[in-house]
Amino acid sequence: MRPIEGWKFWGNLAFTHARYVNFDFDGGSFSGNTPPNVAPVIANAGASYRYERWWWPLEIGASVRHVGNRYLWDDNAVVMDAYTVADAYLFVDIEKSLMLPNVDKARLAFRVRNLTNKAYAAFSDPGYPDQVYIGAPRSYEVALSFKF
């Protein structure tokens, strides 16, 4: 959505209700259980502002991601807690370069991921039910891309 010139807002929301139907085996059943890593709610939202009246166009923005509780394994005995993380970025778009004549545009990007440095369980591998992948800590990124 772009309600006012320069501003951009986005978001999405997903609801899931995944369940095993016929997951019976010798010694038990997982029928009716939720598969591992399936969150009932996932939401993403963000906003950015693009400033055109500088030397080069500049865009600054932030986003937030929420992932609900998930199960570690098929037995649904261990829950990985829900988490919410936020990211921020700054883009500078550089028009036709004098130094690189074949480059039409260049973008210099700065990102900060996981702004609050939150520790969270991002994923589990059902093959290793006693282990989880820990989400990345706060990180900083600088990137330069070219359009020829």
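The numbers here are math on the coordinates, done by the rules we state, and not lab data. All values derive from a computational prediction rather than experimental measurement. So basically every Cβ, Gly included, is an ideal-geometry build from the backbone, and we count neighbours across all protein chains shown.
Which three numbers, in whole Å and largest first, are the semi-axes of the equivalent ellipsoid of the range 33-114 derived from its Cα gyration tensor as √(5λ)?
On the way: eigenvalues 350, 38, 14 Å².
Equivalent ellipsoid semi-axes, largest first: 42, 14, 9 Å.
Bridging of Lys147 to lysines at a Cα separation below 27 Å is possible for Lys8, Lys96, Lys105, once same-chain residues fewer than 8 apart are set aside.
Taking Cβ atoms as reference points and 14 Å as the exclusive limit, the residues near Asp93 contribute a net charge of +2, counting Lys and Arg as +1 and Asp and Glu as -1.
Might you report the magnitude of the Cβ-based charge dipole of the chain about its Cα centre, with Lys and Arg at +1 and Asp and Glu at -1, to the nearest 20 debye?
Values: 15 positive and 15 negative charges, 171 e Å.
Here the size comes out at about 820 debye.
Listed by chain and number, the aspartates and glutamates whose C-alpha is less than 17 Å from the C-alpha of Lys118, apart from same-chain residues fewer than 8 away, are Asp81, Asp87.
Gain on full extension, evaluated as 0.36 nm per residue between Asp125 and Val21 minus their Cα-Cα distance, stands at 35.3 nm.
The average projected area of the chain, computed from the convex hull of its Cα atoms over all directions, is 12.5 nm². When only alpha carbons are used to place a centre, the range 53-74 and the range 99-148 end up 11 Å from one another. Computed from the C-beta positions of Phe110 and Ser29, the FRET efficiency with R₀ = 41 Å rounds to 0.20. Taking 25 Å as R0, compute the FRET efficiency from the Cβ-Cβ separation of Asn117 and Trp10 and round it to 0.05. Using R0 = 25 Å, I get an efficiency of 0.55. Could you check how many percent of all C-alpha pairs in the range 83-148 are farther apart than 15 Å? Counting every Cα pair in the range 83-148, those more than 15 Å apart make up 64 percent.
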